[in-house]
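Below: the structure, in structure tokens.
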Amino acid sequence: MSDGIRVLRGARVALGVSGSIAAYKAVALASALHQAGAIVDVALTADAQRFVQPLSFQAITHRPVFSDLWAPGMETTAGGEGGHSIAHVTLGHESDVLVVAPATAHILAKLALGLADDPVSVTALAARCPLVVAPAMDAGMYNHPATAQNVATLRARGATVVEPEVGHLASGLSGLGRLADPERILDVVRGVLGRNGDLQGRSVTVTAGGTQEPIDPVRFITNRSSGKMGYAIAEAARDRGAAVTLITTPVALRRPAGLAGIIEVETAEQMLRALRDAYETADALIMAAAVADFRAASVADQKIKRGEGGLDLRLEPNPDLLRASADWPNHRGIVRVGFAAETRDLLANAAEKARRKTLDLVVANDVTASGAGFAVDTNAVTLLWPDGRQESLPVQPKTEVAEAVLDAVGVILRGRQPRMEAPSRPRTA
Ligand code: PMT
């Protein structure tokens, strides 16, 4: 088992921080990047240092901070053996991505014009890696034509813009300009780092969560699925360059940024319709969702009143989505992966499901095992292929299980042509 997030492990991330009240959120971003396994080098403008001390970043990243353009050279290699050199040139050349967060109107203007007179703008001018900017400023400044033009210029040059959010601003007003959540920025950085990955140009549809089958306007039947497994797969596929469509039930998870689309559904019927649409472009379908096998035969219009006696509820079967998808005219060529949630005879039951649903891969999941199945952060699964091959994986984080599933999907996909041009990944997230 290894820590962190695969695409960030060992990645060199340069984080440029400019002078906004939101600079404190850059500390959280630096921490999240570091914990995920990235080597984070921070560059601070003088104005940023009015809000946050270099020491905060140094303590979090365990790396020297580039805070003075005129200071002697800084240590630049990850292992600490490489001595000193010109910080901005080295940072610019060695980094895999440069993230400017928060990016003030002023730094955006400098980056657009190619001005270089502070640690962040000189690093940006020297950089040979992708640029991500996360603007933060007053709404009026963000909407000003000058800023809009600078953002458009950076985008046209290939930069990825993490749009600010609407919310409370330092001015006391509310509007568009609040720095995006560090978690959202992290998502975008992951997607940018992975965009040339092994699933580049492929379109992957992932389902997640437990469907909710209504009984009356206030009640439904559901199951214990939290969506964690499906979300981990969707995020990992994005980090390998895929255009991901996530079909999700109303789970209590943050919706990932940088996906091609997120479709919210509640019932199995709604998931079926969403799947049919996604099938038009999908190269692979991964069904991690726990789809209810039964639904109420009739849904009451009004809340069912509590009576003296019990309540007899008649259930009818839901369609089997995976099985149905095998008969859709446009299914040919799609890699279809199912999960099998079992409480006994794991491998026999999973193999039977794979045959009945004509799957390319089934992920057998003993949901009674400790540290596996519903709602926990870890899982233990066995991968089963139609030719009888099996691979049992130990208990590990769902993020790692997701990578193992995608490794297998990637191998199957490499034998197949992309079905059509994958929808492009958003430049703005
Ligand atoms: O969401 P988490 O809390 O992280 O939990 C993860 C998980 C346990 C839900 C996940 O790892 C898992 O096992 N998902 C499959 C759950 C399930 O419905 O298994 P099943 O054996 O009933 O169904 C087999 C396959 O057919 C599944 O891919 C399922 O999505 C699909 N199915 C099931 C019923 C149905 N009516 N239509 C379907 O397409």
Requested in this report: Go ahead and estimate [θ] at 222 nm for the chain from helices alone: -39,500 (n - 2.57) per DSSP H run with n ≥ 4, summed, over the residue count, rounded to 500.
Outcome: -9000 deg cm²/dmol
Report task. Just rank Arg323, Arg332, fewest to most, by other beta-carbon atoms within 10 angstrom. Result -> Arg332, Arg323
Requested in this report: Count neighbours as other Cβ atoms within 10 Å of each site's Cβ, and list the trypsin sites (Lys or Arg not before Pro) in the stretch 121-212 that are DSSP loop with at most 10 such neighbours.
Outcome: Arg128, Arg157
**Report entry** Backbone N under 16 Å from the Ser171 label point (7 Å along Cα→Cβ), restricted to the stretch 20-36
**Finding:** 20-22
Report task. Choose one of Asn330, Leu311, Val363: the residue whose Cα lies farthest towards the positive end of the charge dipole of the stretch 306-384 (beta-carbon charges +1 Lys, Arg; -1 Asp, Glu; about the Cα centre). Result -> Asn330
Query raised in the report: Say the dipole of the chain comes from +1 at the beta carbon of Lys and Arg and -1 at that of Asp and Glu; which of Ala242, Ala159, Gln270 then lies farthest toward its positive end?
Result: Gln270
Report task. Specify the inter-centroid distance of the stretch 221-255 and the stretch 391-419, based on alpha-carbon positions, in whole Å. Result -> 15
Report task. Could you size up the charge dipole of the chain around its Cα centre, putting +1 on the beta carbon of Lys and Arg and -1 on that of Asp and Glu, and report it in debye to the nearest 20? Result -> 580
Query - Positive dipole terminus of the chain, leading residue within Val52, Ala116, Leu259 (C-beta point charges) - result: Leu259
Query raised in the report: Can you list the aspartates and glutamates whose alpha carbon sits under 19 Å from that of Lys25, skipping same-chain ones fewer than 8 residues off?
Result: Asp41, Asp47, Asp138, Glu163, Glu165, Asp181, Glu183, Asp187
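Which ordering of Glu316, Glu400 is given by a fewest-first count of other beta-carbon atoms within 10 Å?
Fewest to most other Cβ atoms nearby, the residues stand as Glu316, Glu400.
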Query raised in the report: Between Ile233, Ile412, Ile107, which gets the highest mean-square fluctuation from a Gaussian network model of the chain, Cα cutoff 10 Å?
Result: Ile412
Report summary line: With the label point 7 Å along the Cα-to-beta-carbon line of Arg224 and a cut-off under 17 Å to each amide N, the hits in the stretch 331-359 are 340-346
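Could you state, as a whole-number percent, how many of the C-alpha pairs of the stretch 198-413 are farther apart than 30 Å?
So the portion of pairs separated by more than 30 Å is 20 percent.
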Query raised in the report: List the lysines whose alpha-carbon lies under 22 Å from that of Lys228, not counting same-chain residues fewer than 8 positions away?
Result: Lys398
Query raised in the report: In terms of modelled amide H atoms, which long-range or inter-chain residues lie less than 5 Å from the amide H of Ile263?
Result: Leu246, Ile247, Thr248
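Coordinate-derived values only; no laboratory data. This one's a predicted model, so the numbers in the text were calculated from it and none came from an experiment. For neighbour counting, all protein chains shown are included, and Cβ atoms are generated from backbone atoms with ideal geometry for every residue, glycine included.
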